[in-house]
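Trainee: Right, I'll just put the structure down here and ask away after.
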Amino acid sequence: MSTPPAASEYRRREQSITLSPLQEQLEAGSAGGEDQTQELLTLNFGPHHPATHGVLRLLVTLRGEVVHDIKPIVGYVHTGIEKTAEDKSYWKVIPVIERMDYLAYHFNALAYIGAVEQLAEVVVPTRAEYLRVIHLELNRIMSHLVWLGTSALDLGAISMFWYCFREREQILDLFEFSTGQRMHTRYFQIGGVAEDIPAGWAQKLREFVKRMPNSLDQYGDILNSNEIVLQRLRGTCPLDSETLLSLGVTGPLLRAAGNPWDLRKAAPYSAYADFDFKIPVGTVGDNYDRYAVRMAEMYESVKIIDQALAGLPEGPYITTDRKVALPPRHELATSMEALIHHFKLVTEGLRVPPGEYYNAIEGPRGELGCFVRSDGSSKPARVHMRDPSFVNLQAFSRMAEGAYIADMIATLAMLDPILGGIDR
Amino acid sequence: MEVKREPIDAHALRVRHQTARQLLRGGEIEGLTPAIELERNEDFELERHVEERVLTTTLDKAVAWARSNSFFPATFGLACCAIEMMSIVAARVDVARFGFEAFRASPRQADLLILSGRVSIKMAPIVRRIYDQMLEPKWAISMGACCSSMGVFNNYSLVPADKFMPIDVHVPGCPPRPEALMHGVLKLRKMVQDHPDMGWRERYDAVGTEETLRGA
Amino acid sequence: MPDATGLELIRQELGDAALDTSFLHERAVLEVRAERVRDVLAALRLKGYAFLASLHGVDYYPHEPRLGVLYELLDMARVDRISVKVRVSSERPLLDSIVPDGEGPDGEGDGHVGWPAANFQEREVYDMFGVVFRDHPDLRRILMPEDYEGNPQRRDFPVGGEPIVFTYNESPVLEGSE
């Protein structure tokens, strides 16, 4: 880092009439050996900026146009979700916890619900697991579509935004059909899913599955061999797999660097062991690999949905354990026990035996973990979400060191940070 | 306020209008051929006839009409509601139909702040600063439950937007559907059209607090 | 997950650094002394648990020592998870940070390789619980504003929020806010 010149030097230069202070500085400083022609400039990419995905504040130290160091400052959308979750009963935590990583709401819900189900030792019926997998993979595709649309917007390929959101609307139509809400659906419940799929949903999903690969082909045609995309993404900001692992990075970023770590294959949860799909892996770990890995993941997700829909078994959609899940409405008229269970569940909530559990699933951005500590009452004593974007952001500075500002923006887009998850 | 496209005989129209008024007042007209005979019910139709064909308005209303049809929203997506705000720019619920698709990145060029998402206490001063940097006339829509009230999260870290800035329209929902946000924006448009002098200064009794640049 | 016997073997190897083990729902939790956390993590890293999946805090109020920090380690080769739990009291919430590399044997440090993944996560525990991590490269509040007072995630910190106005408390609430 160069030292700024003394005040007397400034005064002398102010009074001089030379029009080339840089030349002067060069002559004065060439004997010193230190590169005095450039100072470090610290620029604030404020929380309100069109290129930061959400309210991320970056203090970027620049040497000319080359990035020297990046300090991310987060916390601008900190919502106190974990504290609110301690105040509500287990069932009511689900809508709160869903709003953490707001593009992967089913994943948030499953991470939390999986932990509670382990603590309460609840068995989830297979039909519910398959429905969960379908919704999770639809959510993964939707999250990647938003990523693709906004990243292409950052790079300048503005029309991709409309194409991606067109597909996203189709997915949200499916969500609305089955769950009633477009976002934050509260569909996953402890013990299964909230409701069975309505008639006609499977047909609509089948049509979507048939159409989606063609749309993905379209996006690939537009972007994959595009000259500008190649120049901006290929070879920029690579980071190798060991450094990423030491920084705690998982997900498409790690897979782009060549490490095929995916919790869906390594430690299968829910019904993923029943499906046949591949894990796309990159080679170099530069921005183009990160982009290509996510594009390929969308194809694989469509395959999973296809298999899950084809193999959807009959059965209950939520556990029959009445201490955990609400009884069906028609039973309330005839069974006293059902009435009592309903009353207890709605007013007090379910009681979970004391214990601690950390449940990790593979979210669209990496390992999404949820730590739940229960003290035997009907409210959790601690809920902590290990969000992948929070940990992945630590690698951003290492990735963008030595790159131009434009490459830094492209890297931020390929990093896919979701500030709701980072700040919780 | 549309102008019909048939050719207008302006002179004849003026004459008809004048004579109609005079007849209504009960006077006699001199020097006019009795061919201009007006039916009684035609007198009342005439006003409407004229108004339909000629753009008559005050300057205020015209300016309000122009302003309301060209909001420039500032890109201010905070959290989940931002995704639904992006959805109104997308093709299904197309905000460009109404002329609002020009989202400006700089608050100096924007006049509508769509606060979409949860405002944490760390972010509140920044939101206020962005709002202050916008030039008059400016409006604010609070989108979603979190900034209108506290929303799902009623805790230490959130601030409802009403506490630090004046909001014109609150759009409830968590997140509000794109159609709901569109409804909110159109409501604001109607508010601005109908009340050209409406501004937060009138509502909050802060008239006289405008700052003007000195000199220049 | 190391099964119960594997966990006991690990505990024996660690000697007096380990305080307690628990094996619940097929997850191994190892409770260790606060001052030995770096050594324990280094030993587990040699065993293969080289990935720090999560570092989070828990408040065990009213049981003392109150503040707990959990380190979730993952062995990617064998797909094993183990949790290391450390508890410190709220009067003296000091822990060694695992972020920096320890210096070599001739330096002052313990020679253990650091875990850079813990950087933001230790800052979050500092912010939310008040646990001070010694030698952390940049210990500042990360989620709350820099000048905030209090540690929100502690159990005795109130949830806060605005009072909800119903008909029965409309006058007191609205008058109080004027």
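Trainee: In a Gaussian network model over chain C where Cα atoms closer than 10 Å are linked, find which of C:V132, C:V159, C:V113 has the largest mean-square fluctuation.
Mentor: Most flexible of the set in this elastic network: C:V159.
Trainee: Could you work out the mean count of beta carbons from other protein chains within 10 Å of each residue's beta carbon in C:136-142?
Mentor: 2
Trainee: May I pose another question? Quickly rank B:85-97, B:143-155 as a protection proxy: mean count of other C-beta atoms within 10 Å, highest first.
Mentor: Per-residue mean Cβ counts within 10 Å order the peptides as B:143-155, B:85-97.
Trainee: Taking every residue in C:117-129, how many Cβ atoms of other protein chains lie within 10 Å of its Cβ, on average?
Mentor: So the per-residue partner count for this stretch is 4.
Trainee: Here is a follow-up. In terms of modelled amide H atoms, which long-range or inter-chain residues lie less than 5 Å from the amide H of A:Q189?
Mentor: Amide H to amide H, under 5 Å and 5 or more residues apart or across chains, A:Q189 pairs with A:A194.
Trainee: To make sure I understand, if each residue's beta carbon is the centre and we count other beta carbons within 10 Å, what order do C:V79, A:V281 fall in, fewest to most?
Mentor: Starting with the residue having the fewest Cβ neighbours, the order is C:V79, A:V281.
Trainee: Given H placed on each backbone N at 1.01 Å, which residues far from C:E31 in sequence or on other chains put an amide H within less than 5 Å of it?
Mentor: Under 5 Å from the amide H of C:E31: C:L19, C:D20, C:T21, C:S22, C:K85.
Trainee: Pop out the ³J(HN,Hα) list for the range A:146-158 in order, Karplus 6.51 cos²θ - 1.76 cosθ + 1.60 with θ = phi - 60°, rounded to Hz; leave Gly and Pro as x.
Mentor: After applying 6.51 cos²θ - 1.76 cosθ + 1.60, I find 5, 4, 5, x, 6, 5, 5, 4, 5, 6, x, 7, 5 Hz.
Trainee: Got a sec? How would C:T5, A:T79, C:T21 order by Cβ neighbour count within 10 Å, fewest to most?
Mentor: So the ranking, lowest neighbour count to highest, is C:T5, C:T21, A:T79.
Trainee: In the range A:224-328, which GluC sites (Glu not before Pro) fall in coil by DSSP and have 11 or fewer other Cβ atoms within 10 Å?
Mentor: Answer in residue order: A:E314.
Trainee: Let me ask you something else. Taking beta carbons within 10 Å but only from partner chains, what does the mean come to for residues A:355-361?
Mentor: 5
Trainee: Between the helical axis of C:119-129 and the dominant principal axis of chain C, each derived from Cα atoms, what acute angle in degrees is found, rounded to the nearest 10?
Mentor: Once rounded, the angle reads 50 degrees.
Trainee: What's the lysine pair count for chain A at a Cα cut-off below 20 Å, pairs eight or more apart or interchain?
Mentor: 17
Trainee: Right, another one. Per residue of the range A:240-247, in order, report the coupling 6.51 cos²θ - 1.76 cosθ + 1.60 (Karplus, θ = phi - 60°) as ³J(HN,Hα) in whole Hz, putting x for Gly and Pro.
Mentor: 7, 5, 5, 4, 4, 5, 5, 8
Trainee: Quick one: which residues, 5 or more positions from C:F51 or on another chain, have an amide H under 5 Å from its amide H? H modelled 1.01 Å from N in the peptide plane, none for Pro or chain starts.
Mentor: Correct list: C:L74, C:M76.
A short reminder: the numbers here are calculations on the coordinates, not readings from a lab. Every value quoted in this text rests on a predicted model; they were computed, and no experiment measured them. No Cβ is skipped: glycine too gets one built from the backbone with ideal geometry, and neighbour counts run over all protein chains shown.
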